[in-house]
1. Could you tally the net charge around Leu17, taking each other residue with its Cβ under 13 Å from the Cβ of Leu17, Lys/Arg +1 and Asp/Glu -1?
2. So, by mean Cβ neighbours within 10 angstrom, what's the order for 166-176, 221-231 with the highest one leading?
3. Work from the charge dipole of the stretch 282-414 (Cβ charges, +1 for Lys and Arg, -1 for Asp and Glu, about the Cα centre) and give the residue of Leu317, Leu353, Leu282 farthest towards its positive end.
4. Please sort by residue number the trypsin sites (Lys or Arg not before Pro) in the stretch 12-114 whose DSSP state is loop and whose Cβ has at most 14 other Cβ atoms within 10 Å.
5. Keeping all protein chains in position, work out how much accessible area His336 exposes to a 1.4 Å probe, and write it in Å² to the nearest 10.
6. Starting from the Cα gyration tensor of the stretch 25-112, take the square roots of the eigenvalues, sort them a ≥ b ≥ c, and report rounded, prolate or oblate (rounded when a/c is under 1.5, otherwise prolate if a/b is larger than b/c, else oblate).
7. Choose one of Pro170, Tyr108, Ala229: the residue whose Cα lies farthest towards the positive end of the charge dipole of the chain (beta-carbon charges +1 Lys, Arg; -1 Asp, Glu; about the Cα centre).
8. Dipole of the stretch 360-399, Cα-centred, from +1 at each Lys and Arg C-beta and -1 at each Asp and Glu C-beta, to the nearest 20 debye?
Amino acid sequence: MKVVLCSINSKYIHSSLAVWYLFAAAKNIETNHSVKVVESTINNQVEDIVANISRENPDVVGISTYIWNVDYVHKVAQTLKLINPNLKIFLGGPEASFDAENLVKKDYVDFIIKGEGEIPFIKLLEEDFATEPKEIIQGICGPYINPYTPEYLESLNGRICYLETSRGCPFSCGFCLSGRDETVRFFDIEESKKNILLLANSGAKTVKFVDRTFNCNDKRGREIFEFIAVEREKGNIPNDVVFHCEVETDLFTQSTLDYLKTLPKGLFQFEAGLQSFNVETLKAVNRRTDMDKLVHNLKEIVSGENIHLHIDLIAGLPYENFNSFARSFNQAYDIHSNVIQLGFLKLLKGSTLEREKEKYNYRSWDYAPYQVVSCDTISYNDLLELKKCEDAVEHLLNSGKFPFSVQYLIESTKLTAFDFFYKFGCYVFEKGIKSPSLEKYAQTLFEFYKDYSGVDSGVLRDMLVKDRIVTDNTGRVFTFTHIQDNNFKKITTALKQEKVKIFDNQIEKLAKGKIGFAIMYKNDMVIIADYTNKNPVTGQYSYKEVPLCEFLFNEK
């Protein structure tokens, strides 16, 4: 019997861990069945996905089902059944687990695996898939099965790889599915360490821990941090590999926070799901957080300047209106993280909020991803307005392309961070600008804020020049900021002859186009960037500002 396990990922760069767990489970037993994984993405045509599966001539097809692919899963499964009515199709994953009773009624679905699938899949193989018609098979918590087979590693091809060192979550947040029973199973830490080294040397540049709260056990998390740092120093982990963790920052001890500051710059990325600063909101979603400690710990992480920090906020939570969300955003911005992800609430099937939607008068799409459109405290129009803010935040903050302009504008306009992004987001929307180039977006920013109260247009121009030189290794400034100036030749000559020495190996770097510079006219400074030295946390290149007169004096 031929079995195909299919994943339909959201992007090519992602890889699916779920199907590879099942694949590894099959390799752990003696079976005459052949099992193969077929991966695709939602960017593939349904016909292409079906064709890739059908070429394997399967007798059984299993598909991992999530909010981002469930519509594709239905179409793929329905088409596969149309082609071969004798084909057995089963679904697993969150969308199947929490909507099993409805999905199993579909004429193209034969059975559902609900919950953890490794042990049920082994049983199905051993019993030759002799399932009862329309059966819902309850998942079983079994021993850890290592999914990192040679076949999995070969399939990665440099994509993001995922590592699970624990399963479950100690929390039971109302918008999430991970902590429904508030239990955590920790896998053997020594095997996890072996997997860390294996994946770090697989060719992937990002190893993402999928533990729902990586540091729920501070001692264990600290041990893994230390292991990775030591192995990196030994040369057993490539310098360009980064590890991504989802953390609950108020669980860090001060000792661990102090240790984190000693880690190599850019080795770790942390994602912190704050969701809101509204106490009433957090209580409603059963979010147990020591807010003072959380903010203190986040600022401690930022102060180390060595860990890329990503903060999540969710719009549409209970008791959160437009104004209170703006306050939450401002508090998050004051932490000075690298990214603020402004997300919008989805009523996931099986979540507490989905069950309690009448309590808050939630209205949401009845199809994936179940986006909330309104509730008692926020209207659809208010959520649309927040989308405008989100667009500006993505372009101006999260892109990392405008660090100096954003800081200057917020300080000079005396706007709150939220109002700064929101006002510009509204302007972009009113102008009908969609999917703009970086140049177009920068020019629009300049046009909107150059005459704003408190803003000096010359300084704003210089900040945009600085942004460009420090974050883009072409050495070219935005076209609209370019000023023809004979001093450029004098600066180039001074750098070539090292009359003004800024960086090591300066002449060689300049010859290879590894140095960029521009003049900032409001303070008569030259900003010079070294494109061989990039900060892995901020994405900015090393730079120095030198008075223009030093170049002109040396030229004479």
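1. -2
2. 166-176, 221-231
3. Leu353
4. Here the sparse-neighbourhood loop sites are Arg55, Lys105.
5. 120 Å²
6. Values: a/c = 1.38, a/b = 1.16, b/c = 1.19.
Taking the square roots of the gyration eigenvalues as a ≥ b ≥ c, the stretch 25-112 is rounded.
7. About the Cα centre, the residue reaching furthest to the positive side is Ala229.
8. In total the dipole reaches around 40 debye.
The values are calculated or read from the model by the stated rules, or taken from the named source; none is laboratory data. Just so it is clear, the model here is predicted, and its values are computed rather than measured. Quick reminder, even Gly has a Cβ in these numbers, built from the backbone with ideal geometry, and neighbours come from all protein chains shown. Accessible surface areas use protein heavy atoms only, side chains included; no ligands, DNA or RNA. Shrake-Rupley method; radii C 1.70, N 1.55, O 1.52, S 1.80 Å.
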